[in-house]
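Engineer: So that we are looking at the same thing, I have put the structure below in structure tokens.
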Amino acid sequence: MLCYYIYVGEFMNGLIVIDKEKDFTSRDLVNITEKIFDTRKVGHAGTLDPMATGVLILAVGTGVKVLEYLNDSTKEYIATVKMGILTDTLDITGNILEENKNFNITKERLIEALNSFHGKYNQVVPLYSSVKVSGERLYKYARKNKEVELPKREVEIFDIELIEFNKDEFIFKTTVSKGTYIRSLIRDIGEELNVCCTMKELRRTRQGDFSLDDAISVDDLKNERIKLIPLEKALKDMLIVDVDDYIENKINHGAILRNLYDGSPIAYRNKNNEIIAIYEVYSKDNTKVKPVKVFYGE
């Protein structure tokens, strides 16, 4: 993927892919980036738990406005599982709810269990998560010891394969749909095996179009070695239309435009190769488009 290095002090709009380390929250990295570039226009896509590592997408400047348009329908993970333990958080950082060392799972049986999760299934959301029920996040119910019915979501497991197996631990790689909780998947694998299981480690290796190959380290970020992904590359699946100064001025003032193209939404780019706005179809007959995001006319 095309990207380039920038230096602090340059005006920047785009995405930065971070290889997140353990014990950093997603918000921690947003805060670091805000401080480095002296801006509040920083956001992130696809939260990672503090114990997890790997791909975290940060958006800077007008990049914040395009996060919702990113292709992040699939995510790839490598997970390490501890067998014989179940915790309240479904990962190794939680309080142990159940422990059982009396099991004998063969590699063949484990592969069979993993393969059974190919396709779609209804997954129960973890109690320790930010999903809202009746207006309150689930982790707040947990902290107050309040009972709550955990919602279910349809998720899809596109690929899942065993990488390593050693008595009471195993490592697997999986590609899943957006919204899938790997902690919950591990719990469900344990139920299929009739052995409680807990996530020991998690590494996200890909989110949509972005992988570890696109990432910089946390140390790179702190030392201002920034690899910027331009907005047009982030929006590569969207129709991008180049405009002249006259149309750019109209766009910057929020003008409705004639729709000359098939498809919606449309990203408009000026002569400086900057994405300046995103438009969507406005009229019932598809002849007009209106701005939903205007970047430089504020």
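Engineer: Could you go through the stretch 114-122 and let me know if any residue there is aromatic (Phe, Trp, Tyr) and modelled with pLDDT under 95. Lay out the reasoning, then the answer.
Structural biologist: Going through the stretch 114-122, the residues aromatic (Phe, Trp, Tyr) turn out to be 117, 121.
So of that shortlist, the ones also modelled with pLDDT under 95 come out as none.
No, the conditions are met nowhere in the stretch 114-122.
Engineer: Another question, if that's okay. Can you confirm whether the stretch 3-15 contains a residue that is exposed (fewer than 15 other Cβ atoms within 10 Å of the Cβ), at pLDDT below 90 and among the aliphatic types (A, V, I, L, M)?
Structural biologist: First, pick out the residues of the stretch 3-15 that are exposed (fewer than 15 other Cβ atoms within 10 Å of the Cβ): 4-5, 7-11.
Now narrow it down to the ones that are at pLDDT below 90: 4-5, 7-11.
Those left that are additionally among the aliphatic types (A, V, I, L, M): 8.
Scanning the stretch 3-15 turns up at least one residue that is exposed (fewer than 15 other Cβ atoms within 10 Å of the Cβ), at pLDDT below 90 and among the aliphatic types (A, V, I, L, M).
Engineer: Which one is farthest from Asp72 (Cα to Cα) among residues in the stretch 132-164 that are β-branched (Val, Ile, Thr) and touching a strand residue (DSSP E or B) at 6+ places or on another chain (Cβ under 7 Å)? Step through it out loud before you land on a result.
Structural biologist: Quick first cut of the stretch 132-164, residues β-branched (Val, Ile, Thr) only: 133, 148, 155, 157, 160, 163.
Of the ones still in play, those that are also touching a strand residue (DSSP E or B) at 6+ places or on another chain (Cβ under 7 Å) are 148, 155, 157, 160, 163.
Numbers: Val148: 30, Val155: 14, Ile157: 15, Ile160: 18, Ile163: 24 Å.
Within the stretch 132-164, the match that is farthest from Asp72 (Cα to Cα) is Val148.
Engineer: Can you name the residue in the stretch 124-147 that is under 24 Å from the mean Cα position of the chain (by Cα), assigned to a loop (DSSP other than H, G, I, E, B) and not aliphatic (A, V, I, L, M) and, of all such residues, is nearest to Leu185 (Cα to Cα)?
Structural biologist: Ranking the qualifying residues of the stretch 124-147, first place goes to Pro126.
Engineer: List the strands (runs of 3 or more DSSP E) inside the stretch 203-292, counting only whole elements, that have at least 2 residues being surrounded by 16 or more Cβ atoms within 10 Å (Cβ to Cβ) and touching a Leu at 6+ places or on another chain (Cβ under 9 Å). Quick ask: steps written out before the conclusion?
Structural biologist: On the way: elements: 226-228, 239-242, 266-269, 275-281.
Per the criteria, 266-269, 275-281.
Engineer: Looking only at residues in the stretch 157-189 that are within 12 Å of His118 (Cβ to Cβ) and among the hydroxyl-bearing types (Ser, Thr, Tyr), which one is surrounded by the fewest Cβ atoms within 10 Å (Cβ to Cβ)?
Structural biologist: Restricting to residues being within 12 Å of His118 (Cβ to Cβ) and among the hydroxyl-bearing types (Ser, Thr, Tyr), the top hit is Thr175.
Engineer: Right, next: Looking at the stretch 43-56, can you tell me whether even one residue there is buried (at least 22 other Cβ atoms within 10 Å of the Cβ), among the β-branched types (Val, Ile, Thr) and closer than 29 Å to Leu239 by Cα?
Structural biologist: For the stretch 43-56, residues buried (at least 22 other Cβ atoms within 10 Å of the Cβ), among the β-branched types (Val, Ile, Thr) and closer than 29 Å to Leu239 by Cα: present.
Engineer: Tell me whether the stretch 148-155 contains one or more residues that are at pLDDT 95 or above, over 30 Å from Asn102 (Cα atoms), not basic (Lys, Arg) and not in a loop (DSSP other than H, G, I, E, B).
Structural biologist: Yes, the stretch 148-155 contains a residue that is at pLDDT 95 or above, over 30 Å from Asn102 (Cα atoms), not basic (Lys, Arg) and not in a loop (DSSP other than H, G, I, E, B).
Engineer: Something else now. Of the residues Asp88, Asp49, which single one is of a type outside the set (Ser, Thr, Tyr), at pLDDT below 95 and closer than 18 Å to Asp23 by Cα?
Structural biologist: Asp49
Engineer: Evaluate the stretch 126-145: report whether one residue or more is surrounded by fewer than 19 Cβ atoms within 10 Å (Cβ to Cβ), at pLDDT below 95, among the charged types (D, E, K, R) and within 28 Å of Ser217 (Cβ to Cβ).
Structural biologist: no
Engineer: Any residue in the stretch 37-55 that's of a type in the set (Asp, Glu): show its pairings with residues that are surrounded by 16 or more Cβ atoms within 10 Å (Cβ to Cβ) and part of a strand (DSSP E or B) at Cβ separation under 8 Å, as long as the two are six or more apart or on different chains.
Structural biologist: Asp49/Asp91; Asp49/Leu202
Table: residues versus (1) closer than 21 Å to Arg153 by Cα; (2) under 12 Å from the mean Cα position of the chain (by Cα); (3) not in a strand (DSSP E or B).
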site: Ile32; (1), (2), (3): no, no, yes
site: Ile36; (1), (2), (3): no, no, yes
site: His44; (1), (2), (3): no, yes, no
site: Asn71; (1), (2), (3): yes, yes, yes
site: Ile78; (1), (2), (3): no, no, no
site: Ile105; (1), (2), (3): no, no, yes
site: Ala113; (1), (2), (3): yes, no, yes
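Engineer: Inspect all residues belonging to the stretch 128-151 and state whether any of them is charged (D, E, K, R) and closer than 28 Å to Ile105 by Cα.
Structural biologist: Let us first name the residues in the stretch 128-151 that are charged (D, E, K, R), namely 132, 136-137, 140, 143-144, 146-147, 149.
Now restrict to residues that are closer than 28 Å to Ile105 by Cα: none.
No, the stretch 128-151 has no match at all.
Engineer: Ok, one more. Somewhere in the stretch 91-98, is a residue more than 18 Å from Pro50 (Cα to Cα), surrounded by 15 or more Cβ atoms within 10 Å (Cβ to Cβ), hydrophobic (A, V, I, L, M, F, W, C) and in contact with a strand residue (DSSP E or B) (Cβ under 8 Å, 6 or more places away or on another chain)?
Structural biologist: In the first step, residues of the stretch 91-98 are kept if they are more than 18 Å from Pro50 (Cα to Cα); the result is 96-98.
From what is left, the residues that are surrounded by 15 or more Cβ atoms within 10 Å (Cβ to Cβ) are none.
Checking the stretch 91-98: not a single residue is more than 18 Å from Pro50 (Cα to Cα), surrounded by 15 or more Cβ atoms within 10 Å (Cβ to Cβ), hydrophobic (A, V, I, L, M, F, W, C) and in contact with a strand residue (DSSP E or B) (Cβ under 8 Å, 6 or more places away or on another chain).
Engineer: Would you please name the residue that is farthest from Val292 (Cα to Cα), looking only at residues in the stretch 65-83 that are modelled with pLDDT under 95 and crowded, with 20+ Cβ neighbours inside 10 Å?
Structural biologist: Result: Leu70.
The values are calculated or read from the model by the stated rules, or taken from the named source; none is laboratory data. Model, not experiment: these values are computed from the prediction. Here Cβ is always computed from backbone atoms with ideal geometry, including for glycine, and neighbour counts include all displayed protein chains.
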